[in-house]
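S.K.: This is the structure I want to talk about, given as C-alpha cells.
The values are calculated or read from the model by the stated rules, or taken from the named source; none is laboratory data. Here the structure is a predicted model, which means the values were calculated and not measured. Backbone-built Cβ (ideal geometry, glycine too); neighbour counts: all protein chains shown.
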Amino acid sequence: DTGVSQNPRHKITKRGQNVTFRCDPISEHNRLYWYRQTLGQGPEFLTYFQNEAQLEKSRLLSDRFSAERPKGSFSTLEIQRTEQGDSAMYLCASSLVPYEQYFGPGTRLTVT
Amino acid sequence: TQLLEQSPQFLSIQEGENLTVYCNSSSVFSSLQWYRQEPGEGPVLLVTVVTGGEVKKLKRLTFQFGDARKDSSLHITAAQPGDTGLYLCTPHDNYGQNFVFGPGTRLSVLP
C-alpha cells in the first residue's frame, strides 16, 4: 500500500492528557499537511510542511498543538492538555504538486 | 478573507436522477479541486480544473470552472448509491498555497 497512512485510527483520551498522532506520507511527496475536521464540516487547515520545514501554521492553532517532520518523511502532531473541543477527525495529506493532496484515513480523537 | 460557499448543503435523491452541486468564492482563484469523502475516511481527489470555462468529464461526473474563475459546478448524471458522500471543493491561488475547503455538499443517493 503506497498511500498515506495514519496511526492510530482511533484515540480516546481523558481531558488534560497529551496525545500524539503519526502520519506517513506517500514516499516521494515532499509536502505534508495536517487538517482537523468536525462533524458536518469541511477540513480545517492546521499546518503545512515542505520537506522538514514548517512553512504555514493556522492562526487558529493554539499553543497546545505542535507538529514536527524531523527528516522530511513522517510527521507527528501532538496535542497537549487535551480539551473536549479537540474531539475531531485529524487528517494528514501529502502532495508532490502543490495543490493536489492525497489524504490519509484520519485519526478520530475523542476527549472524554 | 476569502468566502467559500457550497450549495446545497444536503441533497438526497433517488438512484438514476441527475444533480448539480455548486462551489462559489468571493475571490478569483487560479485553480480548484473537487474531492469526495466517504464516512470515516479521508477525502479523495476527483479532479483539478485550471482554465476559466474549462469542462472536465470523469465518467458520469462533469466538472465546470466558471469563466470568471470564482465558481465551479459538479454535475452527476444517473446517480448511483456509490456516489454517496461529502463533496468538497478547495480553490487555490497562483502559488497553490490556499488551504481552505468549502463546507461541502452531503449527497445521499437512495437505491
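S.K.: If I filter segment A:68-97 down to residues being part of a loop (DSSP other than H, G, I, E, B) and surrounded by 16 or more Cβ atoms within 10 Å (Cβ to Cβ), which single residue comes out as farthest from the other protein chains (Cβ to nearest Cβ)?
M.R.: A:Thr82
S.K.: Kindly provide the set of residues from segment B:17-57 that are away from chain A (no Cβ under 11 Å), out of contact with any Phe, Trp or Tyr (no Cβ under 9 Å at 6 or more places or on another chain) and over 20 Å from B:Asp93 (Cα atoms), ordered by number.
M.R.: B:Glu17, B:Asn18, B:Leu19, B:Thr20, listed by residue number.
S.K.: Also, I was wondering about something else. Looking at segment A:13-35 only, could you name the residues that are surrounded by fewer than 20 Cβ atoms within 10 Å (Cβ to Cβ) and either modelled with pLDDT under 95 or part of a loop (DSSP other than H, G, I, E, B) (or both)?
M.R.: Of everything in segment A:13-35, those that are surrounded by fewer than 20 Cβ atoms within 10 Å (Cβ to Cβ) and either modelled with pLDDT under 95 or part of a loop (DSSP other than H, G, I, E, B) (or both) turn out to be A:Lys14, A:Arg15, A:Gly16, A:Gln17, A:Asn18, A:Ile26, A:Ser27, A:Glu28, A:His29, A:Asn30.
S.K.: Can you tell me which condition B:Val47 does not meet? The list is (1) in contact (Cβ under 8 Å) with a residue 24 or more places away in the chain; (2) crowded, with 17+ Cβ neighbours inside 10 Å; (3) assigned to a strand (DSSP E or B); (4) not charged (D, E, K, R), and all the others hold.
M.R.: Only one criterion is unmet by B:Val47, namely (1).
S.K.: Oh, and also: Under 24 Å from A:Arg9 (Cβ atoms) and not charged (D, E, K, R) - does that describe any residue in segment B:59-82?
M.R.: There is at least one residue in segment B:59-82 that is under 24 Å from A:Arg9 (Cβ atoms) and not charged (D, E, K, R).
S.K.: Would you be able to say whether some residue in segment A:50-67 is touching a residue at least 60 places away in the same chain (Cβ under 8 Å) and either within 12 Å of another protein chain (Cβ to nearest Cβ) or closer than 20 Å to B:Glu41 by Cα (or both)?
M.R.: No, every residue in segment A:50-67 fails to be touching a residue at least 60 places away in the same chain (Cβ under 8 Å) and either within 12 Å of another protein chain (Cβ to nearest Cβ) or closer than 20 Å to B:Glu41 by Cα (or both).
S.K.: OK, next. Within the bounds of segment B:39-55, is there any residue that is in contact with a Ser or Thr (Cβ under 6 Å, 6 or more places away or on another chain) and among the charged types (D, E, K, R)?
M.R.: no
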